[in-house]
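What follows is a short report on a single structure.
Every number in this text was worked out from the coordinates using simple rules, so none of it is lab data. All figures in this text were calculated on a predicted structure; none of them were measured in a lab. Counting neighbours? That spans all protein chains shown, and the Cβs are built from the backbone with ideal geometry, glycine included.
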Amino acid sequence: MTDNNLPSMADADSCLSDSQLEVLRKQYIREGEYVTEQTRFNYAWGLIKSKNRREQTQGVLLLTDIYREVPDRRRECLFYLALGHFKLGNYNDARKFNESLLEFEPNNSQARALRQEIEDRVAKEGYIGMAIVGTVAAVGTIILTSLLKKK
């Protein structure tokens, strides 16, 4: 797999329209019990690109099945599993799959960009968490101080 087989981060973050996803869903359903790996992969990819969190989760589950069942598709699945987990906020899993891809392809620009996105998001959410804890502590201190002054 080369960089040309993976989307840029801007493309990866874009969403499919409901009608585009419906085309993939109909193909998946039409093939029924004889669904091809390519159709499964396309549908999982579309679900991950959905705006809907439930559909994104379904896409990750479908890609996980493909990853486990089809060894020849594992490398192809790694980026999209990382992206799906990233979109769901599962940053540890996103990091794990992305780092696995980078072991195969250390110069993969999309995986390196996703690595940076993951680290930025983890840092941002860490700062937000620290700010919330700091605010709660400050408010608690103010309340405690005012209660002690009343005595």
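Out of all the residues in the range 31-66, which are of a type in the set (Val, Ile, Thr) and in a helix (DSSP H, G or I)? Reasoning before the result, please.
First pass over the range 31-66, keeping only residues of a type in the set (Val, Ile, Thr): 35-36, 39, 48, 57, 60, 64, 66.
Matches in the range 31-66: THR39, ILE48, THR57, VAL60, THR64, ILE66.
Considering only residues that are under 18 Å from GLN58 (Cα atoms) and assigned to a helix (DSSP H, G or I), which ones fall in the range 82-104?
If we filter the range 82-104 for residues that are under 18 Å from GLN58 (Cα atoms), which is where we start, we get 82-91, 93-94, 97.
Selection gives ALA82, LEU83, GLY84, HIS85, PHE86, LYS87, LEU88, TYR91, ASP93, ALA94, PHE97.
What are the residues in the range 68-81 that are in contact (Cβ under 8 Å) with a residue 12 or more places away in the chain and either surrounded by fewer than 21 Cβ atoms within 10 Å (Cβ to Cβ) or outside any helix (DSSP H, G or I) (or both), if any? If you could, list the steps in order and put the result at the bottom.
Our first condition is that a residue be in contact (Cβ under 8 Å) with a residue 12 or more places away in the chain; within the range 68-81, this holds for 70, 73, 75-81.
Selection gives VAL70, ARG73, ARG75, GLU76.
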